[in-house]
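Below: one structure, written as structure tokens.
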Amino acid sequence: MTKLLLSVHVLAAILAIGPIAVAASMFPRHTRTPSEDGEGRQTAKVLHRICRGYTLVGIAVPVFGVATGAQLGVLTDAWLLVSIVLTAAAAALLALVILPGQERLLGSPEKSGAARLAMVTGVFNLLWAVVVVLMIVRPGSTTGA
């Protein structure tokens, strides 16, 4: 059962968080460069829709992560607790800053708002990179990393 839970957790992370990270990173550029035919705005709308849609699917990542951690008996390990906190921080950034910021920029594009959103998106991606490293290295883990 552990292998199934871990597989679903990793697949959900790749298939949900990956598209959010890429789409959110591309979004600010398409709001900063208005084009004559409105192609940049249309692209930004699609990228925002991707971020919103995959956010719902992304909920599976911590759900299956906690289930896997429980199965392995590592829910109280420091590396996992730090990963959970960082995941919660990334989720909060996405829900409270990135998605609303994208909606604001779709309403009225401004260069400073796009730059701020790009910075926050970079922090979001950095949080996920740290979580991935913690999941691989598992400092202090006794599960054989």
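Find the accessible area per residue for the chain; the probe is 1.4 Å, ligands and nucleic acids are left out, and the unit is Å².
Result: 57 Å² per residue.
Quick one: pull the percent of accessible area on the chain belonging to carbon and sulfur, 1.4 Å probe, ligands and nucleic acids left out.
71 percent
For residue 116, what accessible surface area do you get with a 1.4 Å probe? Give it in Å², rounded to 10.
130 Å²
Limiting things to C-alpha atoms, what are the Rg and the maximum Cα-Cα separation (Dmax) for region 1-71, in angstroms?
16.1, 55
Show me, for region 97-111, the HN-Hα J-couplings you get by feeding each phi into the Karplus relation (A = 6.51, B = -1.76, C = 1.60, θ = phi - 60°), rounded to Hz, glycine and proline as x.
With the stated coefficients, region 97-111 comes to 10, 5, 4, x, x, 4, 4, 4, 5, 5, x, 8, x, 9, 5 Hz.
Please list 1, 26 from largest to smallest accessible area, probe radius 1.4 Å, with all protein chains kept in place.
Descending order: 1, 26.
For the chain, what is the mean residue ellipticity at 222 nm derived from helices alone (per DSSP H run of n ≥ 4: -39500 (n - 2.57); sum divided by total residues; nearest 500 deg cm²/dmol)?
Computed mean residue ellipticity for the chain: -25500 deg cm²/dmol.
For the chain, what is the convex hull volume of its Cα atoms per residue in Å³?
Dividing the Cα hull volume of the chain by its residues yields 92 Å³.
Using θ = phi - 60° and the Karplus curve 6.51 cos²θ - 1.76 cosθ + 1.60, what whole-Hz ³J(HN,Hα) does each residue of region 84-91 get, with Gly and Pro shown as x?
5, 5, 5, 5, 5, 5, 5, 5
The values are calculated or read from the model by the stated rules, or taken from the named source; none is laboratory data. None of these values were measured; they are calculated from a predicted model. Heavy atoms of the whole protein, side chains included, go into the accessibility calculation; ligands, DNA and RNA do not. Shrake-Rupley method; radii C 1.70, N 1.55, O 1.52, S 1.80 Å.
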